[in-house]
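Taken together, the values in this text are just the output of simple stated rules run on the coordinates, not laboratory data. Keep in mind the model is a prediction, meaning the values are calculated, not measured. Neighbour counts run over all protein chains shown; Cβ positions are idealised from the backbone, glycine included.
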């Protein structure tokens, strides 16, 4: 998983209550003047992913509390008239440090700026830190302990 600092919403941000992430992403200006080409087609064609990496174990006060990452977009940095893009992914209670959660970033009418926010429901988190960002490919490879067998024998499984 290759990270780009310009595509990071947060870096080990403490997660204890609902809040915006540390950073907004500037998708850049488009040529043609004001009002021309107001939307960006990110995630169309090549899939993009949003991820949440747990950097500190997430503890919740009441059982059943949860957190989700919501996205919104706007044409200005003040987010005076944001367009809600909905829930991007969920962070389950008891998520452990080192766990990473992925979701496909849906193609949408993205305006120039993109914001992520944590929405905590059902009670406060008492501890936890999360990094959230956009990546080109999700890290699905997993290392396994040596000495395991696959159950396949012989050449080409014959």
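Hey, what D do you get for the chain in µm²/s if you plug the Kirkwood alpha-carbon radius into Stokes-Einstein at 10 °C and 1.306 mPa s?
91 µm²/s
To the nearest 0.05, how large is the calculated FRET efficiency for residue 31 and residue 126 if R₀ is 41 Å and r is the Cβ-Cβ distance?
The calculated FRET efficiency here is 0.25.
May I ask you to compute the full-extension gain from residue 96 to residue 5, defined as 0.36 nm times their residue separation minus their alpha-carbon distance, rounded to one decimal in nm?
Contour length minus the Cα-Cα distance gives 30.4 nm.
Give me the percent relative contact order of the chain, please, defined on Cα pairs under 8 angstrom at least 6 residues apart.
Rounded, it is 39 percent for the chain.
Can you order the peptides 83-89, 66-72 by their average number of other Cβ atoms within 10 Å per residue, highest first?
Top of the packing list down: 66-72, 83-89.
Mind telling me which of 143, 129, 17 comes out most flexible in a GNM of the chain, alpha-carbon contacts under 10 Å?
Most flexible of the set in this elastic network: 143.
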